[in-house]
1. As an exercise, identify the trypsin sites (Lys or Arg not before Pro) in the stretch B:85-157 lying in DSSP coil whose Cβ has no more than 16 other Cβ atoms within 10 Å.
2. Could you list A:Val125, B:Val82, A:Val61 in order of exposure, starting from the residue whose Cβ has the fewest other Cβ atoms within 10 Å?
3. Pull out the extension gain between A:Glu216 and A:Val50, defined as 0.36 nm times the separation in residues minus the alpha carbon to alpha carbon distance; nm, one decimal.
4. Rounding to the nearest 20 debye, state how big the charge dipole of the protein assembly as shown is about its Cα centre with +1 on each Lys and Arg Cβ and -1 on each Asp and Glu Cβ.
5. In the stretch A:108-183, which trypsin sites (Lys or Arg not before Pro) fall in coil by DSSP and have 16 or fewer other Cβ atoms within 10 Å?
6. Of A:Phe200, A:Ser165, A:Ser60, which is farthest towards the positive pole of the protein assembly as shown's charge dipole, taken about the Cα centre with +1 and -1 on the beta-carbons of Lys, Arg and Asp, Glu respectively?
7. Exceeding 22 Å between C-alpha atoms, which entries from my cross-link table qualify? They are A:Lys127/A:Lys195; A:Lys49/B:Lys95; A:Lys127/B:Lys19.
8. Give the average, rounded to an integer, of partner chain Cβ atoms located within 10 angstrom of each Cβ in A:214-226.
Amino acid sequence: MENEEGLQADGESDPKAPIPVSEVDAWENIRDDDIMQQQSAIRAEEAEKVPFIGDKEPLSVLAAEYESGSPILLKKIKVLGEKYGSIRRTRGDGNCFFRGFMFSYLEHILESQDQAEVDRVTTNVEKCRETLQALGYADFTFEDFFALFLEQLESVVQGKETSISHDELVIRSRDQSISDYIVMFFRFVTSGEIKRRSEFFEPFILGMTNATATVEQFCKSSVEPMGEESDHVHIIALSDALGVPIRVVYLDRSTYDIDHVIVNHHDFIPSAGDLPSAGGGSSETTKPIVTLLYRPGHYDILYLK
Amino acid sequence: MQASRARLFKEYKEVQREKAADPDIQLVCDDSNIFKWTALIKGPSETPFEGGVFQLAFAVPEQYPLQPPQVRFLTKIFHPNVHFKTGEICLDILKNAWSPAWTLQSVCRAIIALMAHPEPDSPLNCDSGNLLRSGDIRGYQSMARMYTRLAAMPKKG
């Protein structure tokens, strides 16, 4: 709405670029619904370029992307290549963190067949359900999303009638009705965790750009709606709520010494007690289950060599 | 489609169960189409809409609850965030701030809250917005009250 007005005002104040009367009239007739439709059309167009979850690609595709770009980035990609072998892209639609987490986590279960981890996370999902109930959410608003996640979790465990292959996991992750519902499951879990521990999260939220927001408003405007990008706060909350350690590797142009670039990463280790290995150790001994590559504004999945 | 139908059915049952809980909202599903709903909401007290009953029309998309319902006023209302002709409502949760945590019932509550707390800086009804923006509270209230009497109250006699 405001942009629309801004554009119109700019056009009128610029004598060099007169706007045809008919076009101005057309703007006046644009309704919010039209704007939303246009937005979803743009999204649909973008969607065809990158699926929700891409194919696994060698890390060299990253270097190719920055071929004529920043030398710092190229050096960092080289360093990255010492440890990581491949990347799987996610669509940049504001849900990339959650989609990346979803695929990476389910893929981990599928490959490890770690029943103890499945049981552990299932227990945590039930705790998240209780959290939402205690916060006053009506069951019917979130239960479908919970059910779909638990269904996917169960289906990656092999040896059952409902078990699925890796190919099928990729197909499902690209199916909007499944992928969006699981993103929404994570959004509910994240929001519930932030609200449950609002005293802990409040200073983080106050420190963000939107400085006047309360925890409640933050969850309402930046966590629960689809397409809202994830930040540190979201990652901490999701990692803690599900008890899943996450590593985020940062690929940006920051550096102290151009001759000895290092690639920073941050491990989000769930608060003690919820760790995958019961009685688990310190942050050094806990291995991240999910590793994501962060480039400003976007998360992709990263694979060790 | 199936998911939205199932969710709406749950909302329907909840509305039946909680009928008495929110006397300001009467939410009714179309007899033959679960994607069409109407609501009667009471104008909030201490506002120019007090004493009026306003009808809302809901059109629920197949992607519900991932996408918001389309809601508009069927009853004429003079309010900065409601289009005077079409009844379209400018409310963040009906656009990009929507989430499945909202329900048709809680959307009604949000609309009642919007009636009590207009946001004149993003107006759909500029005449109404301008009255508030220029500080003419009395002008705004008398216009809003007049339309409430004309359109949202039972005719006397």
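1. B:Lys85, B:Lys155, B:Lys156
2. Least crowded to most crowded, the residues run A:Val61, A:Val125, B:Val82.
3. Length gained, A:Glu216 through A:Val50: 56.4 nm.
4. Value, rounded to 20: 860 debye.
5. A:Lys160
6. The residue sitting farthest along the positive end of the dipole is A:Phe200.
7. A:Lys49/B:Lys95; A:Lys127/B:Lys19
8. Taking all residues of A:214-226 together, the mean is 3.
Readers should treat all values here as calculations from the given coordinates under stated rules, not as data from a laboratory. All of these numbers come straight from a predicted model, not from anything done at the bench. So basically every Cβ, Gly included, is an ideal-geometry build from the backbone, and we count neighbours across all protein chains shown.
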